[in-house]
Amino acid sequence: MNSKVLVISGDGIGPEITRETQKVLDVVNKKFDLGLEFDEALLGGAALDATGVPLPDITLEKARASDAILFGAIGGPKWDDVDRQLRPEKGLLQIRSSLQLFGNLRPAILYPQLADASSLKPEVVSGLDILIVRELTGGIYFGEPRGIRTLENGEREGYNTYKYNETEIKRIGKVAFEAAQKRGGKLCSVDKSNVLEATVLWREIMEQMAPDYPDVELTHMYVDNAAMQLVRAPKQFDVIVTGNMFGDILSDAAAMLTGSIGMLPSASLDLNGRGMYEPCHGSAPDIAGENKANPLAMILSAAMMLRYSLGSPEAANAIETAVGHVLDQGLRTEDIYSEGTQKVGTIAMGDAVANALQAH
Ligand code: IPM
Ligand code: MG
């Protein structure tokens, strides 16, 4: 049976990196006879400009009807002044929430070829392989009540609500414990339970679940310490599980350990393993349209899609191997460039991965 993939290129560098990723997918589609069918839809600023809303109904309909969604990036200064409810980011948050894509997997792997591109010493990051499991449809990102209100004295006050219920904590806990079982058997739950009640409950539930996973060693860390440990000694971590906002912040830090956020893919999964796949980086409006963006995070996201949602691990491995070949050849986009390597643009990088796939 053919699989349907919905491709959403988005804003900024989104369309450029999507074109390169599509090239790569077209090659594996033929080579492994995957029978992938592609459709397109709008989200974020592009959707706002065309339809007046950041998540059009038709996009959501197409997303529900597809087996997986591949997404580029959204947002940019062009939409800085639009109403809060219509911001491009709202579209992304709405699609995550509507499809209940609560399980966000963000692997931070250092390619040995890029050890020099990291801002940390090679010995601190070499061999780095951590997985951040971020809760994606709850916490302070979605908690009600929220808003900006005017107090009696006429002063304005912004407010948000940080909450997690037991069901939400358990389902992300399950994803994280199972991931740890398949990897190094270590799970670090990150919270702020010395201050925030929502995370007191979070820690309690993680502890309750631990006996069901005797092969996983569960530890806990406060988020401030976790941020410090990530840049001090990142290799102590195997799997990290945390809430929405802490995961947003820590995954950017983890990405930089690997040399560039331009290398970091992600998967956002629902209870049935259906998902949306996107690079962790944003729309980088400063370099959009200049053939400078690194397409590898999105190409690697496509590999995750083939593995987790489309049941094609061979094709996923082939893409990851091809990326390795291209790095071996010394090709680098600007963000991962270091002396002695060859600087290339977005298109040349995409072509090189597609060619490496054809050749091997
Ligand atoms: C991410 C992004 C998004 C988030 C933004 C664009 C809403 O930073 O996927 O990490 O905060 O989740
Ligand atoms: Mg982020």
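Miscellaneous remarks
- Sequence-distant residues sharing a close amide H with His220 (under 5 Å, placed H): Ser189
- Selected from Gly45, Met305, Gly138, residue furthest toward positive end of dipole (the chain; charges at beta carbon): Met305
- Ascending count of other beta-carbon atoms within 10 Å, so fewest first, for Lys90, Lys343, Lys121: Lys121, Lys343, Lys90
- Region 108-246 shape via C-alpha gyration tensor axes, a/c threshold 1.5: oblate
- On the basis of the beta-carbon distance and an R0 of 45 Å, Glu144 and Ala233 show a calculated FRET efficiency of 0.70.
- Relative intensity, log₁₀ I(q)/I(0), of the chain from a Debye sum that treats every alpha carbon as a point, q = 0.15 Å⁻¹: -1.40
- Ordering Thr199, Asn294, Pro211 by the projection of their Cα atoms onto the charge dipole of the chain, which places +1 on the Cβ of Lys and Arg and -1 on the Cβ of Asp and Glu, puts Pro211 at the extreme positive end.
- Close lysine pairs were tallied over region 81-200: pairs 8 or more places apart or on different chains with Cα atoms under 20 Å apart number 8.
- The slack in the chain from Thr219 to Asp57, taken as 0.36 nm per residue of separation less the alpha-carbon distance, amounts to 54.1 nm.
- Under 5 Å, built H, 5+ apart or other chain: amide partners of Ala108: Ile130, Leu131, Ile132
- Least to most buried among Trp79, Trp202 (fewest other Cβ within 10 Å first): Trp79, Trp202
- Computed about its Cα centre, the charge dipole of the chain is approximately 340 debye, with only Lys, Arg, Asp and Glu carrying charge at their Cβ.
- Think of each Lys and Arg Cβ as +1 and each Asp and Glu Cβ as -1; about the Cα centre, that makes the dipole of region 127-221 roughly 260 debye.
- Longest DSSP-loop-exposure-free segment, GluC sites (Glu not before Pro), the chain, at most 14 other Cβ within 10 Å: 1-151
- Zero-based 5 Å bins, Cα pair distances in region 226-315, whole percents: 3, 12, 18, 22, 20, 15, 8, 2
- For the chain, modelled as a GNM whose springs connect Cα atoms under 10 angstrom apart, the maximal fluctuation among Met228, Met206, Met304 occurs at Met228.
- DSSP-loop trypsin sites (Lys or Arg not before Pro) across region 1-51, with at most 13 other Cβ within 10 angstrom: none
- Fully extended contour minus Cα-Cα distance, from Ala65 to Leu151, at 0.36 nm per residue: 26.4 nm
Every number in this text was worked out from the coordinates using simple rules, so none of it is lab data. Because the structure is predicted, anything quoted here is derived from the model rather than measured. Glycine also receives a Cβ, built like all others from the backbone with ideal geometry; neighbour counts cover every protein chain displayed.
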